[in-house]
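Participant: Below is a structure I'd like to ask you about.
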Amino acid sequence: EVGSAVVISQCSYRTDSTSNLSPSILKLLDRRLYAQRDHPIAITRKLIESVFTQPTFQHYIASNPVVSTAANFDALGFPADHPGRSTTDSYYVNKDHVLRTHTSAYQHAAFQAMKQKHETPYGYTICADVFRRDSIDRSHFPVFHQMEGARLWRHSKTDSQGFPISYYQGYLRRMEIIRQSLGELARPPVDVDDPNPHFHEVRNPKQPTHQHQEIRLVASHLKRTLELLVAKVFDAAKQAAIASGHLDANGAQEPLKVRWVEAYFPFTSPSYELEVHWQGEWLELLGCGVVQQALLDDAGVGDRIGWAWGIGIERLAMILFGIPDIRLFWSEDPRFLNQFRAGQITRFEPFSKYPACYKDVAFWIGSSAAAAAAAAASPPAEEHHHKTLGDTGSDPGLAAAAGGNSTHAAAAPTETQPTAFHENDVMEIVRDVAGSLVEDVKLVDEFVHPTSGRKSLCYRINYRSLERTLTNEETNWLHREVARRLVADLGVELR
Ligand code: PHE
């Protein structure tokens, strides 16, 4: 309710007309899956941390999920009209605070903290749960986990013997140190395809203050580091798959194939995505790049240069453990939880699958007058939030059944068009009513009435529990409640 207080992690926030937290989200804030020793999320976090060793790297966990919009968007250079900022894509506590949509929300503060630290540590990893409103399928859940890492090298004030040097020499010395760091990295046992240059004037530019040579070194160090990460993680996955008979020893002989793809993030340039070839498919695994100098300047560490990366943990854990449905991570069923042990990658043994229950709901959106106006004013379908934020948290490629719902999201931010219909609002209602009893929601039919101009949509909801068979009464009740909320909250007219 507008003007009331909501308490999260012992802090109280006043809600306003921007607030869109749902009770189902609030219930998930205290689970701390990343901290439960034997949970696959925690095991995966530890495995990633093990590649980034101390004292160079410090490992952090961010427990309070609320961050300022300044930290989540502004400091990172998100433009004012970025779809990630809209209330249809993100959870707003109030107009100045969101549930973090990515771990990059800590970059500014982390870099600022590094100012006090003179020599080591120069790097960190941070793990947190992150929140995005999105479609519903076996690879999307409104809360998921990310891990981020960054490493900076600073401009030297002294030479290798400790004698003071000029600014220019200090800059050359920084480059020397990066070259040394690169030399210390092992060559990962993976087959790397990197068809594009490290930077490209138009497609993936180097920042104006950066020197070619230095960017080549930083980019090589970044890529090599992440290839090592992937080599280690996928070797663990391979061993688990062989041990359980999911992969024969021949298949395991082949080296892992990875490829680098140019990418865009507002806070890095040049930027890349790393894809991994796994069980016949290219999977987009992580986003990364050279940190924007403006961000470092802003944090008071303008004498440094460095890289950052971010990875979605669920996607990786689904591959590592062979977990077929993202909802399982939230399960408290011992048949799930008892399968995992800290420090071990083991293959998930599915317990019996319970029956699916499909139900359709069809409705008209908008009045005919509003429909005509909206049709005239509606912007072309924008790129989806996940794409532009860097889709590190979805579609592990395992969920073959995953519908392409997100492409229907003609993302009209609710700020500018408060009455505009957005698919994510339907998803949110279904989540709120059915929680983890819903497996996926797909748009199965869509048409515009030839004379009234009104649009009709039909969604097919698959109700299925991971833990038991749902009764008819239960699914009927859930479905009726979904329909009621669609009318009450979105003002649609049922067909
Ligand atoms: N924060 C980005 C995302 O959520 C990933 C990223 C992190 C990209 C760090 C570059 C550097 O997709």
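Participant: When every alpha-carbon pair in the chain is counted, what percent end up more than 37 Å apart?
Facilitator: Numbers: 38653 of 122265 pairs.
Cα-Cα pairs in the chain separated by more than 37 Å: 32 percent.
Participant: Relative contact order of region 20-337, please, whole-number percent, based on alpha carbon pairs below 8 angstrom and at least 6 residues apart.
Facilitator: Working: 517 pairs, mean separation 62.8, N = 318.
For region 20-337, the relative contact order is 20 percent.
Participant: Order 237-244, 302-309, 69-76, 195-202 from most to least packed using the mean count of other Cβ atoms within 10 Å.
Facilitator: Most protected by this proxy first, the peptides run 302-309, 69-76, 237-244, 195-202.
Participant: Set the Förster distance to 56 Å, then compute FRET efficiency between ILE242 and ARG179 from the Cβ-Cβ distance, nearest 0.05. Write out the running numbers ahead of the final one.
Facilitator: Working: r = 38 Å, r/R0 = 0.68.
Computed FRET efficiency for ILE242 and ARG179 comes out at 0.90.
Participant: Where does each of 22-32, 140-150, 270-280 land if you order them by average Cβ count within 10 Å, highest first? Spell out each step's value before the answer.
Facilitator: On the way: 22-32: 14.4, 140-150: 24.2, 270-280: 19.6.
By packing density, highest mean first, the sequence is 140-150, 270-280, 22-32.
Participant: Do any of LYS206/LYS238; LYS206/LYS232; LYS117/LYS157 go past 25 Å between their Cα atoms, and which?
Facilitator: Working: LYS206/LYS238 36 Å; LYS206/LYS232 30 Å; LYS117/LYS157 15 Å.
Pairs exceeding 25 Å: LYS206/LYS238; LYS206/LYS232.
Participant: How much length, in nm to one decimal, is gained on full extension between ALA5 and ASN476, taken as 0.36 nm per residue of separation minus their Cα-Cα distance? Kindly include the intermediate steps, with their values, before the conclusion.
Facilitator: Working: separation 471, 0.36 × 471 = 169.56 nm, distance 3.41 nm.
Separation in residues times 0.36 nm, less the Cα-Cα distance, equals 166.1 nm.
Participant: Per the Cauchy relation, a quarter of the hull surface: what is the mean projected area of the convex hull of the alpha carbons in region 101-204, in nm²? Spell out each step's value before the answer.
Facilitator: Details: hull surface 43.9 nm².
Directional mean of the projected Cα hull area for region 101-204 stands at 11.0 nm².
Participant: OK, next. What ³J(HN,Hα) values, in whole Hz, does the Karplus curve 6.51 cos²θ - 1.76 cosθ + 1.60 give for region 232-238 when θ = phi - 60°, with x put for Gly and Pro?
Facilitator: Using θ = phi - 60°, the values come out as 5, 5, 6, 5, 4, 5, 4 Hz.
Participant: Still on this structure: Could you give the length gained on full extension between THR469 and SER160, defined as 0.36 nm per residue of separation minus the Cα-Cα distance, in nm?
Facilitator: Details: separation 309, 0.36 × 309 = 111.24 nm, distance 6.81 nm.
Computed gain between THR469 and SER160 is 104.4 nm.
Readers should treat all values here as calculations from the given coordinates under stated rules, not as data from a laboratory. The structure presented is a predicted model; accordingly, all values stated were derived computationally and were not measured. With ideal geometry, Cβ positions are generated from the backbone for all residues, glycine too; neighbour counts draw on all protein chains shown.
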